[in-house]
Every structure is written in structure tokens, then in C-alpha cells.
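Nothing in this text is a laboratory measurement; each read-out follows from the coordinates by a stated rule. What you see is a predicted model; the values in this text were computed from it and never measured. Quick reminder, even Gly has a Cβ in these numbers, built from the backbone with ideal geometry, and neighbours come from all protein chains shown.
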Amino acid sequence: MKINWGKIKDVLRWKNIGRAFFNFLEKKSNWIIFTLIFVLFSYGAYLWYEYVYNAQWSEERKKQYREEKGKGTALNKNKLDEALKNYNVRGDKFNKETENPKDIFRLDKTE
């Protein structure tokens, strides 16, 4: 049995390998895209399940969460009073009667 090295060299050239690879991709592109989308969707579903439905905290993390939640928000009474005062002042300015300014565009200059 004689090996034809010339034919093997022609087949193994980068140009021919690239051409064969892209021909394969062109023929099987629908299946490749479908498989890729299916794999990505499956991975997303797995991540969603792991992080949303199967989430587990250690006892230390649970304790830390309870302590943080129990602290609540500290109310600064002085800042609240100042904000309410500013709110009322603005409301009074808005509700105040406006005086009629002099009409400078009037054609009749009797005044």
C-alpha cells in the first residue's frame, strides 16, 4: 500500500481546512444557532433557579441581615422640622396674592 503524500498535503493546507470548516458552518448554521440558543437559555434558567429559588444563606448571614433590618432608619428631628418649615414657606409664597405689575406693552399711555 502506497501513501499518496501529495494528496494528503493538499487536504491539510490551511486554506482547504478553512474552506471545509466554513462550508460545514454554512450547511449546518440553523442547527448550530438553535443549539447555541438552547444552551444559553438552559444556562439562564439554571442561574435563575440557583439564585432565586434555591438561594441559601449561612446562619451568620441570616443573623447579620436580622441585625441590619432591626436598626431601621434614624430620624433627624431638626432636619425634618427645617424641611417642613421650608415647605410651608414655599406654600405661603405660592398662595399669596400677586400684585398687578405695570403693563409696559400697553399702547395707551394715560398713566
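List the longest stretch of the chain that has no exposed loop site; here a site is one of the chymotrypsin sites (Phe, Trp or Tyr not before Pro) assigned by DSSP to anything other than H, G, I, E or B, with at most 15 other Cβ within 10 Å. The reported range is 1-56.
For the stretch 65-111, the set of trypsin sites (Lys or Arg not before Pro) satisfying both a DSSP loop assignment and a count of at most 13 other C-beta atoms within 10 Å is given as K96, K102, R106, K109. How big is the charge dipole of the chain about its Cα centre, in debye rounded to the nearest 20, if each Lys and Arg gets +1 on its Cβ and each Asp and Glu gets -1 on its Cβ? Charge dipole of the chain: 1140 debye, to the nearest 20.
Taking label positions 7 Å along the Cα-Cβ direction at both F34 and R106, the computed distance is 8.4 nm, reported to one decimal. A DSSP coil position with no more than 16 other Cβ atoms inside 10 Å describes the following GluC sites (Glu not before Pro) in the stretch 4-106: E97, E99. For the stretch 5-94, the fraction of alpha-carbon pairs lying more than 23 Å apart is 71 percent, rounded to a whole number. Residue by residue, the stretch 55-72 carries 3J(HN,Hα) couplings of 6, 9, 9, 6, 4, 5, 5, 5, 5, 4, 5, 4, 5, 5, 5, x, 5, x Hz when phi is fed to the Karplus relation 6.51 cos²θ - 1.76 cosθ + 1.60 (θ = phi - 60°); x denotes Gly or Pro. On full extension, the segment bounded by K71 and N16 gains 12.8 nm, given 0.36 nm per residue less the C-alpha separation.
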